[in-house]
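First the structure, in the form of structure tokens, and then the observations on it.
The values are calculated or read from the model by the stated rules, or taken from the named source; none is laboratory data. Model, not experiment: these values are computed from the prediction. Note: ideal-geometry Cβ built from the backbone for every residue, glycine included; neighbour counts use all protein chains shown. Accessible surface areas use protein heavy atoms only, side chains included; no ligands, DNA or RNA. Shrake-Rupley method; radii C 1.70, N 1.55, O 1.52, S 1.80 Å.
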Amino acid sequence: MSDRPTPEALDALLARTRGFVREHVLPVEDAHDGDIEAAGGDDLRAQLQKVARDLGIFAPHAPVEYGGHGLGMVDRAAIFEEAGYGLFGPLALNIAAPDEGNIHMLEQIATSAQKERYLRPLATGAVRSAFAMTEPAPGAGADPSMLTTRATKVDGGWVVEGRKWFITGADGAGFFVTMARTSGEPGGAGGATMFLMPADTEGVEVVRHVGTVDKAMLGGHCEVAFHRAFVADDDVLGGVDEGFRYAQVRLGPARMTHVMRWTGAVRRAHEVAVAHVARREAFGSRLSDLGLMQQLIADNEIDLAATRALLLEACRVLDDGGRASKETSIAKTFAAEALHRVADRAQQMCGGLGVSTELPVARIAREVRPFRIYDGPSEVHRWSIAKRAVKAITAELGEQGSR
């Protein structure tokens with residue numbers, strides 16, 4: 001890109017982000033054990049985002065015309081990781097899920113009017129958002145084709161009826177990007193449409209918070225009901241019956257930005273653990289001098305390095321305009337499991353302190369565990385990766401046989 005920031009500018013942005021997280025984010029996170037609601041919720045978000053704006057580090061991914069830095073996937077990787085070093089860091093920079101993914105998607109496919117109504121306030125931090133797709137069984141989950149929420153055409157728009165759950169950030173969101181079926185039946189290919197729905201739309205109800213182990217996601221993971229909620233034609237996002245295709249614009253990059261943020265958080269757990277074993281003495285030496293402890297440290301270093309390598313490979317394909325379906329599935333699956341291993345080893349290295357609130361290690365392990373499930377469980381990604389591999393080899397063998 002001709003307007004790509006210089007390496008010096010990126011280094012400066014990274015340094016300011018690092019300093020901001022350590023000075024403004026970690027103290028409040030540590031004081032409240034990573035519980036965002038206990039730490040102040042939306043009031044804390046507003047405070048931290050103001051400081052981030054003043055420091056010139058706010059919204060590194062958002063379009064420049066909306067006050068962001070417009071960074072591509074490769075350029076944002078290190079900055080997102082540094083922001084993720086603190087669990088509240090992504091929220092402070094407006095790069096937390098689901099807002100970050102929605103910003104990317106709206107930039108790519110929203111109309112000019114939709115960008116002004118929804119993207120601008122989201123990118124500037126004036127509102128939060130939610131992406132409403134997952135449903136209770138037998139509805140959409142790891143298999144989105146099971147979508148049951150239905151949108152029926154009426155004069156001037158659509159009426160949405162259905163129920164969602166595990167909708168991250170729903171409580172307090174300014175609007176929802178809602179996936180609903182506009183044709184076909186659950187289990188069939190296609191037939192889904194995305195709708196932009198203000199949270200105060202009549203018939204939209206945040207029913208409850210679904211209790212989960214993680215506490216750092218503002219707005220919780222909620223059950224949301226749609227009772228004959230009307231959406232105007234102007235608020236259809238993308239094409240009718242093209243929702244699954246348009247959602248791919250969001251899913252690949254969002255998986256990689258999850259990897260970036262969680263790499264930062266888990267790196268903190270690792271660094272805290274290494275510092276602990278370097279100071280702690282037992283069995284006549286420092287713990288860090290023991291061979292078994294050195295293996296834990298080395299394995300963590302390897303998993304972190306491999307995660308970054310796979311991440312950057314996928315990001316390069318995305319920056320070049322590719323879908324990167326294979327690359328993002330591989331990177332997401334490996335990272336979710338590798339980062340879980342790193343956090344688990346860090347707990348083991350810290351002994352009793354590793355499962356206490358005295359150190360941040362236990363809460364980081366708590367927060368990263370769901371990553372093996374959301375944005376596609378590891379098992380589903382493996383199934384997809386295997387299908388692509390078999391298809392590619394079969395096609396190659398077929399071509400060779402026809403020569």
**OP:** Have a look at Ala130, Ala142, Ala151 and point out the one that is aliphatic (A, V, I, L, M) and assigned to a loop (DSSP other than H, G, I, E, B).
**Re:** Ala142
Subject >> Check on Ala189, open to solvent by 20 Å² or more (accessible area, probe 1.4 Å), farther than 30 Å from Ala306 by Cβ, aliphatic (A, V, I, L, M) and modelled with pLDDT under 95 >> reply: yes
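Yes or no, residue by residue, for (1) out of contact with any Phe, Trp or Tyr (no Cβ under 6 Å at 6 or more places or on another chain); (2) open to solvent by 60 Å² or more (accessible area, probe 1.4 Å); (3) within 30 Å of Arg181 (Cβ to Cβ); (4) in contact (Cβ under 8 Å) with a residue 40 or more places away in the chain:
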| site | (1), (2), (3), (4) |
| --- | --- |
| Gly243 | yes, no, yes, yes |
| Val274 | yes, no, no, yes |
| Glu281 | yes, yes, no, no |
| Gly284 | yes, yes, no, no |
| Asp320 | yes, yes, no, no |
| Arg345 | yes, no, no, yes |
Subject >> Single residue of Ile373, Ile364 found to be in contact (Cβ under 8 Å) with a residue 12 or more places away in the chain and under 19 Å from Ala216 (Cα atoms) >> reply: Ile364
Original post:
Within region 197-224, restricting attention to residues that are within 24 Å of Val236 (Cα to Cα) and among the charged types (D, E, K, R), which residue is farthest from the chain's Cα centre (by Cα)?
Top reply: Glu202
Original post:
Any residue at all in region 53-61 that is modelled with pLDDT of 95 or more, part of a helix (DSSP H, G or I), under 21 Å from the mean Cα position of the chain (by Cα) and surrounded by 17 or more Cβ atoms within 10 Å (Cβ to Cβ)?
Top reply: no
Original post:
In region 324-343, what residues are open to solvent by 20 Å² or more (accessible area, probe 1.4 Å), within 21 Å of Tyr85 (Cβ to Cβ) and basic (Lys, Arg)?
Top reply: Arg341
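Per-residue answers, yes or no, for (1) hydrophobic (A, V, I, L, M, F, W, C); (2) without any contact (Cβ under 8 Å) to a residue 24 or more places away in the chain:
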| residue | (1), (2) |
| --- | --- |
| Phe88 | yes, no |
| Leu93 | yes, no |
| Asn102 | no, no |
| Ala110 | yes, no |
| Tyr118 | no, no |
| Thr124 | no, no |
| Ala132 | yes, no |
| Ala137 | yes, yes |
| Ala142 | yes, no |
**OP:** Tell me which residues, restricted to region 299-309, are touching a residue at least 24 places away in the same chain (Cβ under 8 Å) and open to solvent by less than 60 Å² (accessible area, probe 1.4 Å).
**Re:** Asp299, Asn300, Asp303, Leu304, Ala306, Thr307
Original post:
Restricting region 351-395 to residues that are open to solvent by less than 90 Å² (accessible area, probe 1.4 Å) and acidic (Asp, Glu), which is nearest to Asp33 (Cα to Cα)?
Top reply: Glu367
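The rows are residues; the columns are (1) farther than 16 Å from Leu71 by Cα; (2) at pLDDT 95 or above; (3) open to solvent by less than 60 Å² (accessible area, probe 1.4 Å).
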site: Met1; (1), (2), (3): no, no, no
site: Ala9; (1), (2), (3): no, yes, yes
site: Leu13; (1), (2), (3): no, yes, yes
site: Gly19; (1), (2), (3): yes, yes, yes
site: Glu23; (1), (2), (3): yes, yes, no
site: Pro27; (1), (2), (3): yes, yes, no
site: Glu37; (1), (2), (3): yes, yes, no
site: Leu44; (1), (2), (3): yes, yes, yes
site: Gln47; (1), (2), (3): yes, yes, no
Original post:
If Ala96 passes every condition in (1) open to solvent by 10 Å² or more (accessible area, probe 1.4 Å); (2) over 23 Å from Val266 (Cβ atoms); (3) assigned to a loop (DSSP other than H, G, I, E, B) but one, which one does it miss?
Top reply: (2)
Subject >> Any strands (runs of 3 or more DSSP E) falling wholly within region 164-238 and containing at least 2 residues that are touching a Pro at 6+ places or on another chain (Cβ under 8 Å) >> reply: 175-181
Subject >> Residues that are in contact with a Leu (Cβ under 8 Å, 6 or more places away or on another chain), among the β-branched types (Val, Ile, Thr) and open to solvent by 10 Å² or more (accessible area, probe 1.4 Å), drawn from region 62-89 >> reply: Val74
Original post:
Does Asp235 satisfy the condition of being open to solvent by less than 20 Å² (accessible area, probe 1.4 Å), of a type in the set (D, E, K, R) and more than 30 Å from Glu29 (Cα to Cα)?
Top reply: yes
Subject >> Close pairs (9 angstrom Cβ cut-off, 6 or more residues apart or separate chains): more than 25 Å from Asp143 (Cβ to Cβ) and of a type in the set (Ser, Thr, Tyr) in region 185-210, open to solvent by 20 Å² or more (accessible area, probe 1.4 Å) and in a loop (DSSP other than H, G, I, E, B) anywhere >> reply: none
Original post:
Which members of region 153-167 meet the condition of being surrounded by fewer than 24 Cβ atoms within 10 Å (Cβ to Cβ) and in contact (Cβ under 8 Å) with a residue 24 or more places away in the chain?
Top reply: Lys153, Val154, Gly156, Gly157, Trp158, Val159, Glu161, Gly162, Arg163, Trp165, Phe166
**OP:** Sort out which residues of region 23-40 are free of Cβ contacts under 8 Å to residues at least 60 places away in the same chain, under 16 Å from Val51 (Cα atoms) and not in a loop (DSSP other than H, G, I, E, B), and write them in order of number.
**Re:** Glu23, Pro27
